[in-house]
Amino acid sequence: MPRILKINWVKELTISVVFNNGESRIIDFQKVLLNIGVNSDSPAAILFRSEELSKVGLVDHSLQWNNVEQYISSKDGETRKVPFEIGPDVLYSYSEPEHSDSLLGIGKLIRDSRRRSGMSQQDLALVSGTSRTYISRIENDRSDIELDTLRKIIETGLGRKLEIRIT
């Protein structure tokens, strides 16, 4: 079951999030809102405006908007305002992987170095303390990588030295 862990950024009608599988994914809300049936009569139609969509919050691994005038009636007849919410399962199905310019190429460098060392993904995972699936996601640029993990894979797993430069 997908869960959203973090909102990376909001630009116009697009939001980038991190899912619990480690992937950063881009969600096109023009497409999402149309596909879930939001029309001009719906209170959620305000989300077609970027300034309203940007008021998004992350609550219980779902995206929520408190600025949408949505109400429900309880069993005792009271009406109360509730946030508009779209669950991570729906959002994942409408999202596309985000490829960070800064990370493109790191996966290829790791894969090439691993292959030159004669290691399998499983070998590298065991030596560096990660999993084979995580190594695969990194090599295929499908997962962000933390600096400590990158250092562990490069220095412990591959026996190389990690050098980072800002030019």
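What follows draws every value from the coordinates through simple rules; no lab data is involved. None of the values given here were measured: they were computed from a predicted structure. Please note: Cβ atoms are built from the backbone with ideal geometry, for glycine as well, and neighbour counts cover all protein chains shown.
Values computed for the structure shown
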quantity	calculated
Interatomic Cα distance distribution for the chain, bins of 10 angstrom, percent	9, 31, 24, 18, 11, 5, 1
For Thr149, Thr156, Thr130, order by how many other beta-carbon atoms lie within 10 Å, fewest first	Thr156, Thr149, Thr130
MRE, 222 nm, helices only [DSSP H, n ≥ 4, -39500 (n - 2.57), over the chain, to nearest 500]	-7500 deg cm²/dmol
Entries of Lys11/Lys55; Lys6/Lys108; Lys11/Lys81; Lys6/Lys161; Lys11/Lys31; Lys6/Lys152 with Cα pairs more than 19 Å apart	Lys6/Lys108; Lys11/Lys81; Lys6/Lys161; Lys6/Lys152
Fraction of antiparallel bridges per DSSP, the stretch 37-167 only, in percent to nearest 5	100 percent
The stretch 106-157, relative contact order [Cα under 8 Å, separation at least 6], %	40 percent
Fewest-first sequence of Met1, Met119 by Cβ atoms within 10 Å of each Cβ	Met1, Met119
